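Report on one structure; see the data block that follows.
The values are calculated or read from the model by the stated rules, or taken from the named source; none is laboratory data. Owing to the predicted nature of the structure, the values given are computational and were not obtained by experimental measurement. Reconstructed Cβ throughout: ideal geometry from the backbone, glycine too, with neighbour counts over all protein chains shown. All accessible areas refer to the heavy atoms of the entire protein, side chains included, with ligands and DNA or RNA removed. Shrake-Rupley method; radii C 1.70, N 1.55, O 1.52, S 1.80 Å.
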Amino acid sequence: MSSPLRKPFIAGNWKMHLTLAESLALAKEVAAGCAEGGPDVALCVPFTAVAAVAEALKGRPILVGGQDLHWEPQGAFTGEVAGRQLADAGCRVAIIGHSERRRCFGETDETVNKKIKAALGADLIPIVCVGETLDEREQQKTYRVLETQIRGAFMNFAPDELARVIIAYEPVWAIGTGKTAAPAQAQDAHTFIRKYVARSLQEKLAAGMRILYGGSVKADNVDALMAEPDLDGALVGGESLKAANFLRIIRFKAAAPGIGQAR
Ligand code: 13P
């Protein structure tokens, strides 16, 4: 986290966990420990909990997010949720293209592209997930995969339209496995992504774009990850379900004084 252009962003992805009562209890616990002046914080909760959690967090420095959205604003799409419905329920953020959706639900770079448009149209901040599988990494295809996913996601957008977009680099092999990318490995992927955005879209956009790391982020590895200059935050799965651990992640200690959060 080195650039003053990029405020750190820590997001929890609760995935398909927690009842309404459990969601409210966790959101309140996180809010109670979340001080003003820290990084931007978002909780991406199940659709069933969005409205209630947003209501409970009113006036608190925490954004509520959805974990997906449909690309149309409304229509006959049984089971889907539109960006405007998320926004109406209190969401400010939407995760798009998570690898679990790509793998289990047929998400493609084309649908990711349409969903980014829909999210921006509904005034939501898209968190666009990219990342390679273990197989792809072992075959030295990481850069190619990242380039293809980002090119597809940002197809036909002008740089100005993408100013609010956040990218999450989530290597598939690190998600829910306890295997975190080494900080230098993550930094390498983030640098590649930033340079690709600079080359294919615009230098200024790339310099200001927040790139989060996701994949087994924990209290005991967040500091080393956040010390890397191109890691601007984290997208946290399992550890975001435990208030104390998630709060420690929010209070990461960046290595260099004056960068990130002073402690
Ligand atoms: P874990 O933190 O459980 O590895 O999940 C990461 C993730 O998928 C966040 O979107």
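Observations
- Members of segment 26-47 that are closer than 18 Å to Gly90 by Cβ and either within 17 Å of the chain's Cα centre (by Cα) or more than 16 Å from the ligand (Cβ to nearest atom) (or both): Ala27, Lys28, Ala31, Cys34, Asp40, Val41, Ala42, Leu43, Cys44, Val45, Pro46, Phe47
- Lone qualifier among Arg210, Arg251 - being among the basic types (Lys, Arg), under 16 Å from the mean Cα position of the chain (by Cα) and either farther than 13 Å from Ile10 by Cβ or away from the ligand (no atom under 14 Å from the Cβ) (or both): Arg210
- Search result, residues across segment 200-223 that are in a helix (DSSP H, G or I) and closer than 21 Å to Glu132 by Cβ: Ser200, Ala206
So that you can scan it fast, the table gives a plain yes or no per residue for (1) touching a strand residue (DSSP E or B) at 6+ places or on another chain (Cβ under 6 Å); (2) in a helix (DSSP H, G or I):
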site: Glu136; (1), (2): no, yes
site: Leu146; (1), (2): yes, yes
site: Arg164; (1), (2): yes, no
site: Gly178; (1), (2): no, no
site: Lys195; (1), (2): no, yes
site: Ala198; (1), (2): no, yes
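- Any chance Thr177 is of a type in the set (Ser, Thr, Tyr), open to solvent by 10 Å² or more (accessible area, probe 1.4 Å), touching a residue at least 24 places away in the same chain (Cβ under 8 Å) and within 16 Å of the ligand (Cβ to nearest atom): yes
- Any hit, segment 13-34, residues being aromatic (Phe, Trp, Tyr) and not in a helix (DSSP H, G or I): yes
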